[in-house]
1. Please give, to one decimal in nm, the separation of the simple spin-label points placed at Asn187 and Asn154, each 7 Å out from Cα toward the Cβ.
2. How much net charge surrounds Tyr75 when only the other residues with a Cβ under 10 Å from the Cβ of Tyr75 are counted, with Lys and Arg +1 and Asp and Glu -1?
3. Of the listed values [x] 22; [y] 30; [z] 14, grab the one calculated as percent of Cα pairs over 29 Å apart from the structure here.
4. Suppose R0 equals 35 Å. What FRET efficiency, 1/(1 + (r/R0)^6) with r the Cβ-Cβ distance, do Glu79 and Met1 give to the nearest 0.05?
5. For Met81, what accessible area in Å² do you get when you roll a 1.4 Å probe over the heavy atoms of the protein chains, rounding to the nearest 10?
6. Evaluate the charge dipole of the chain about its Cα centre and quote only its size in Debye, nearest 20, assuming +1 on the Cβ of each Lys and Arg and -1 on the Cβ of each Asp and Glu.
7. Could you compute the net charge surrounding Asn8? Neighbours are other residues with a C-beta less than 15 Å from the C-beta of Asn8; K and R count +1, D and E count -1.
8. What FRET efficiency would be calculated for the residue pair Arg128, Asn33, taking the C-beta separation as r and a Förster radius of 22 Å, to the nearest 0.05?
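The values are calculated or read from the model by the stated rules, or taken from the named source; none is laboratory data. On a predicted model such as this, the values are computed, not experimentally measured, just so you know. A quick note on method: Cβ atoms are made from the backbone with ideal geometry, for glycine too, and the neighbour counts reach across all protein chains shown. Only protein heavy atoms, including side chains, enter the accessible area calculation; ligands, DNA and RNA are left aside. Shrake-Rupley method; radii C 1.70, N 1.55, O 1.52, S 1.80 Å.
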Amino acid sequence: MLCTDLLNYTGRGLLLVCCAPCCAGAVDFIAKNKVNMTLFFYNPNIYPLDEYEKRKAEVIRLANTYNVPFIDTDYTPSEYMEATKGKGDCPERGERCFLCFKLRLLKTALYAKHNGFDYFTSTLGFSRWKNLSQVDTAGFEVEKITGEKYLDVNWRKSGIQELARQVVRENKIYEQNYCGCIYSFQNSKK
């Protein structure tokens, strides 16, 4: 679905975000269109801790700039390592990424379900380095598990990518050079 389809939803949404560059366009769209959505930061995959803190700080700054609600969760890298155990050699966009998406979307859906949100979605598939259909497959699997509605919003369309670049530039947002996990970190050093 396109982000403009969100204008037809009156319920409360929970948006899983990973970093400011990937959610900048979505946050701008949400704020300007008064979409009832809260940002949810659950990223146990991000390595190392100082990188996690940088990314979280930038998302908080973006949320504050646009006056969009923000929910933070604990940093629990052991949850990521357990969920992706034995998958360290998988390539980007492979099984490890799918398991990571599913872990993070499950936590998002459970939070949404227990806190009165009507649906959940994410910006995990925004990056060209990620497979959007893989993210959506994980989201729909989580919907079946939890009963919480997953919306497969494509934040790459409707001018959102261009808008994200503009927001990043105008706000001088930190841009990382790897996806986030220890494996993508190691690959970025090669």
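1. 2.4
2. Result for the local shell: -3.
3. [z]
4. Efficiency for this residue pair is about 0.75.
5. 80
6. Computed about the Cα centre, the dipole is about 300 debye.
7. After counting each charged neighbour, the total is 0.
8. Working from the Cβ atoms, E equals 0.35.
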